[in-house]
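Let me begin by presenting the structure, written as structure tokens, before commenting on it.
The values are calculated or read from the model by the stated rules, or taken from the named source; none is laboratory data. What you are looking at is a predicted structure, and each value in this text was computed from that prediction instead of being measured. All Cβ positions, glycine included, derive from the backbone under ideal geometry; neighbour counts span all protein chains shown.
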Amino acid sequence: MKRDNSENKSLKELYRQLIIHHAKNPLNFGKLSNNPIRAEGINPLCGDKIRIYLNINEADTIEGLTFEGTGCAISIASASLMTTTLRNMKKYQANQYALNLISNLNEPKSQEAGQLMMDSQEINALEGVKDFPSRIKCATLSWQTFISALNNKKITTTEK
Amino acid sequence: MNPSFSEKNETADIGEFGLLRKDFPTINQEINEHPLVYLDSAASSQMPQQVIDEISRYQSQDHSNVHRGIHTLSHRATEVYETSRQNICEFINAKNTNEIIFTSGTTDSINLVAHSYCKPKLDPSKKILISHLEHHSNIVPWQLICEQTGASLIVAPIDNNGQIITEQLIGMIDSNVVLVAISHISNALGSVTSLNKIIDAAHQHEVPVLVDGAQAVSHMKIDIQALNADFYAFSGHKMLGPTGIGILYGKEHLLEDMPPYQGGGDMILEVKFTGTVYNDLPYKFEAGTPNISGAAGLGAAIDYLNQAGMHNIEVHENILLNKMITDLQTIDGVELIGRAENQVAVQSFTIKDIHSHDIGTILDHQGIAIRTGHHCAMPVMEFFGLPGTARASLSIYNNEEDVDRFIKGLDKVIEIFA
Ligand SMILES: Cc1ncc(COP(=O)(O)O)c(C=O)c1O
């Protein structure tokens, strides 16, 4: 029954409790008022669609950040985590953070046990997708959409 | 090599379908450390060894170009290619091989009819009639030529069970409709279209009907003359054959009157700069060197289906589909999408609060392959107000154990999301 254990392990890594929790109860789900910046992200392979609403204040700080859309547990949880992580960051910080996360998720899993992908426990819950190459884009969709919102690009897709 | 039934039988006994399974090498492997349960044949079916062997035999012994050489290999290649055409002709009971055009697949077949038959007849007063149930490949080619000519694309509605509302579709047919284009069986829901009524009604208005048969040919006996469809399109890779080969059946008098679709070698009799004489049917529509090994494989797939017996296949798959539907209904939170009176080999479903993509990943992890998402039928998903569904589809090689493993796999999905 060793086989069953390892199999369950990577599934459990993908669908960690935190991910399931955010997928079922996403934070900052909805529109923003005050004429926010908007951008839409589409994953044409699975039909996932995420819309991001963003307010940046005069000090270049992300003041408001919400999302709407439909998607799998991974993409919804990732979007939810994104809103809580990037809010209150400076614009350039948030941009860098999103870029780092996307590139980290696309890198192979770290061999060294205990080495963290990012500095946040919560964000690291997304790391489970590394064992599921077809699901990496689910995790990066909202972050990619956030970057296009910053760059005033209205629509972005995971397939180039 | 015959399908692996016991030797005394000419055709299969239903109880013997279990033996067939060992003919399919892809089915007999482990995926993610579990024996594969393949429930995605509506996307692409697997090939039996007999088909793989015939392709390999052709490639290693008979390959050359067709209709071109005086030498022996060219003769053999031509024979393989034309024998396959004959085989297909008999399989669907067409009148003769002039009506059987090799294409690269259903999509290619539909585009051929769009450009060669429809487009020259279209203007802003004309219409093409499809249904809400169609695969994108039976929507987009029509949209393109409508955009180019100003004609309109009109869409017959479906009901909540996922069936075309036949009477409404028929009511939309008038003499300005240039073509009715509908699927025989919906790939998203498995619903079978009431073709007889629709074709009769269309013919009363002298409107021809194109049937997208991609999902039908490997699941039921097609008698094209009895059906009386004017065009019928299908793909090799959904009927135990290889990819890259498909068929357009067309009534001979319609094909005769159509201009060629593409120009090139093989489709001409004489080329002069003052004018070119096109070749006769079916070659007029087969420009360039064709997919000869694909034709060889498709011919072998048809031999295989014939030996198993289309009636037996229908009964076998129907038993499995009924079991699958019954078992799915016992799971809390499962909703069946598409409950057509007449449904074949496919069941779409959702699980409450779980996205189809997550269902697909968790099943795949247990070695179970299903399709998730919009199934290239976004208007169907929109009709049901869903971003997508999970879809399990059946073929000749599936058995009851596959259905049991699938249902057990869904328990795991629900457990993870509990
Ligand atoms: C109903 C239907 N029509 C058309 C197609 C297109 O077939 P192909 O991709 O082989 O051209 C498919 C399969 O993808 C289908 O299921």
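Observations on the structure shown:
- Residue selection: residue B:211 satisfies the criterion of being without any contact (Cβ under 8 Å) to a residue 40 or more places away in the chain, of a type in the set (A, V, I, L, M, F, W, C) and either assigned to a strand (DSSP E or B) or within 11 Å of the ligand (Cβ to nearest atom) (or both).
- Filtered by the rule that a residue be on the phi < 0 side of the Ramachandran plot, more than 8 Å from every other protein chain (Cβ to nearest Cβ) and not β-branched (Val, Ile, Thr), the stretch B:367-377 gives B:369, B:371, B:377.
- Listed by position, the helices (runs of 4 or more DSSP H) enclosed by the stretch B:72-177 that each have at least 1 residues that are under 15 Å from residue B:232 (Cβ atoms) and away from the ligand (no atom under 16 Å from the Cβ) are B:72-91.
Matching residues to (1) among the charged types (D, E, K, R); (2) more than 16 Å from the ligand (Cβ to nearest atom); (3) touching a Cys at 6+ places or on another chain (Cβ under 7 Å):
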{"position": "B:240", "(1), (2), (3)": "no, no, no"}
{"position": "B:244", "(1), (2), (3)": "no, no, no"}
{"position": "B:256", "(1), (2), (3)": "yes, yes, no"}
{"position": "B:303", "(1), (2), (3)": "yes, yes, no"}
{"position": "B:309", "(1), (2), (3)": "no, yes, no"}
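- Among the residues of the stretch B:338-390, those that are β-branched (Val, Ile, Thr) and either within 16 Å of the ligand (Cβ to nearest atom) or in the same structural domain as residue B:132 (by TED's automatic domain parsing) (or both) comprise B:344, B:346, B:370, B:372, B:380, B:389.
- None of B:346, B:380 is of a type in the set (Val, Ile, Thr) and either more than 30 Å from residue A:74 (Cα to Cα) or away from chain A (no Cβ under 14 Å) (or both) except B:346.
- Subset of the stretch B:188-208 [in a helix (DSSP H, G or I) and within 23 Å of residue B:379 (Cβ to Cβ)]: B:195, B:197, B:198, B:199, B:201, B:202
- Residues being of a type in the set (Val, Ile, Thr) and more than 15 Å from the chain's Cα centre (by Cα) - total across the stretch A:139-157: 1
- Search result, residues across the stretch A:3-26 that are within 10 Å of chain B (Cβ to nearest Cβ), within 23 Å of residue B:367 (Cα to Cα) and either at pLDDT below 70 or surrounded by 16 or more Cβ atoms within 10 Å (Cβ to Cβ) (or both): A:3, A:4, A:6, A:7, A:11, A:14, A:15, A:20
- Hey, residue B:216 within 16 Å of the ligand (Cβ to nearest atom) and not in a loop (DSSP other than H, G, I, E, B) or not: no
- Selection over the stretch A:45-66 of residues that are within 14 Å of chain B (Cβ to nearest Cβ) and not charged (D, E, K, R) gives a count of 4.
- Odd one out for residue B:182 among (1) within 21 Å of the chain's Cα centre (by Cα); (2) assigned to a helix (DSSP H, G or I): (2)
- Selection status of residue B:222, modelled with pLDDT of 95 or more, surrounded by 19 or more Cβ atoms within 10 Å (Cβ to Cβ) and not in a loop (DSSP other than H, G, I, E, B): no
- Odd one out for residue B:240, checked against (1) farther than 27 Å from residue B:128 by Cα; (2) surrounded by fewer than 22 Cβ atoms within 10 Å (Cβ to Cβ); (3) among the hydrophobic types (A, V, I, L, M, F, W, C): (2)
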